[in-house]
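The values are calculated or read from the model by the stated rules, or taken from the named source; none is laboratory data. From a predicted model like this one, the values you see are computed outputs, not experimental measurements. Virtual Cβ from ideal backbone geometry, glycine too; neighbours counted across all protein chains shown.
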Amino acid sequence: MEPKELDRLFHAYLEGTLDEAGAAALRKALKDPALRRRWRDLTDLEGSLADRYARPSTRLLKPVSFFRTHRQRLFAVAAMLLLGVIAGWIYSLIHPSEEKGNVLAHVLYVVWDDTAETAGVSVARGLDVSPLAAGQPVCDGDELRAPVGYFLALQFDGEETVVEVSAGGAARVYMRDGGKRIELTRGRLAARVAKQPPGCPMIVVTPHARATVLGTQLELAVEPARSQVTVTEGSVQVLDLKTQATATVSAGEQVGVDNVSAPEVAKVAPVELDAHGRIVYDEGFDAGLPSNWNMGQWVGQGLPEGDTGAVRSMPRNDNHPHRYAVSTHAAPHSSPFFLLTPSTMLHLTFNMERPGRIIFFLTILENGRFRDNLAFTKLISDPGWQTVDIPIWDFRPTKLTAIDELLGSACTRYWVQTMSREDLGFTLSRIWATSAE
């Protein structure tokens, strides 16, 4: 048989038009070693083309359909597509009015302390997880993640509502029925909520509770077995997600929700704060930088009347690049700077050459062991020399530690850091602590 005739029979075989006479001729021809080699070459060529272009593969004795060849793979793909459709349908039932991709807010600031992980804050958008920085948009459905040691704040567009996530927090932000929704699955959240439109409250949900907010200032903390809501301004309606019990929490009150017992609203213990209490720590810089000072440049000009020395912030060269700070070394735990009491107040006299935000950290030890870093943030709108008085209760722990659990513990280090990549000219002339105890 001529090679051309073998080629014709081969194509008839592939197309399924090979009759009995042709099949008999083909079987006879393949007894010839040379024709068998040509047949093998043709089948190898067709097989490689089938792999590349998803055409049916060739078999010598009988044609095999594409469906039979790839049946298991097709079933697997079909099953995955079906599961995806079902998952999307279920998700749409749970979140019927979410519109993915719409920008709801922008990151106001990201700060961290010396215990922070190097990974930094991030945003989970669908299956993508990417780093997050100040100024970036927050879209409908985004989950914001702030590892322990980080503070991540966002401001909703068009209003003064600010939400801060910290202490290993994870918070998903979205819209539903015209209102803002936040799902806090872990960590801590603090919010200053502007007055919301009628019928469209902000709702914050934790694994244990739901808080309905019309306009207030509050904090939520998610612990393994309970969630706690503390209100400093306004009022919040709290719902136990399991027992359906409700409680109204007003300014100066807090409630814990554990899905077991009925939520009981309790007054936050009143604290008498006296800015003129007994001075328990005082540091000026008239004689230069103290021996326990770590970061900053001493300056002796342009100071308030009566001062002869101050410390100006310098760029950090550790894991906080492009930030300016003043900082002490860690004091021995046997001789801390001061002890925390319910009436402790910190006082700073400082200058800012340009507006910006500062963050003030305190490192707290108990019995020589690290407990937490406390942080206080403040936006300085007006440059110039000024003094701020900060009650210890205005600091936020970087972990899930309550301030009252730290009373009696020791402050062994502190530092002030600007939250800008540019030098804002922060200069500290005095820091002191007072206590009524």
Within segment 418-426, does at least one residue satisfy the condition of being assigned by TED's automatic domain parsing to the domain that holds residue 328, closer than 26 Å to residue 221 by Cα and surrounded by 20 or more Cβ atoms within 10 Å (Cβ to Cβ)? yes
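How about segment 220-247: which of its residues are among the charged types (D, E, K, R) and within 16 Å of residue 263 (Cβ to Cβ)?
Kept after step one, since they are among the charged types (D, E, K, R), are these residues of segment 220-247: 223, 226, 233, 240, 242.
223, 226, 240, 242, listed by residue number.
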Looking at residue 349, is it polar (S, T, N, Q) and in contact with a Lys or Arg (Cβ under 7 Å, 6 or more places away or on another chain)? yes
Residue, surrounded by the most Cβ atoms within 10 Å (Cβ to Cβ), within segment 379-394, restricted to residues that are within 27 Å of the chain's Cα centre (by Cα) and more than 13 Å from residue 347 (Cβ to Cβ): 380
Modelled with pLDDT of 90 or more and of a type in the set (Asp, Glu), is that true of residue 437? no
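Report the residue count in segment 86-125 for those that are in a loop (DSSP other than H, G, I, E, B), at pLDDT 80 or above and of a type in the set (Gly, Ala, Ser). Step through it out loud before you land on a result.
Here is the first cut: in segment 86-125, the ones in a loop (DSSP other than H, G, I, E, B) are 95-102, 113-121.
Pick out the ones that are also at pLDDT 80 or above and you get 102, 120-121.
Imposing the further condition that a residue be of a type in the set (Gly, Ala, Ser) reduces the set to 120.
So the answer is 1.
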On the given criteria, is residue 404 surrounded by fewer than 19 Cβ atoms within 10 Å (Cβ to Cβ), in a strand (DSSP E or B) and outside the structural domain of residue 254 (by TED's automatic domain parsing)? no
I need a count of the residues in segment 360-401 that are at pLDDT 90 or above, polar (S, T, N, Q) and farther than 19 Å from residue 331 by Cβ. 4
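Residue-wise test of (1) farther than 24 Å from residue 153 by Cβ; (2) in contact with a helix residue (DSSP H, G or I) (Cβ under 9 Å, 6 or more places away or on another chain); (3) assigned to a loop (DSSP other than H, G, I, E, B); (4) of a type in the set (S, T, N, Q).
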position	(1), (2), (3), (4)
374	no, yes, no, no
377	no, no, no, yes
382	no, no, yes, no
387	yes, no, no, yes
400	no, no, yes, no
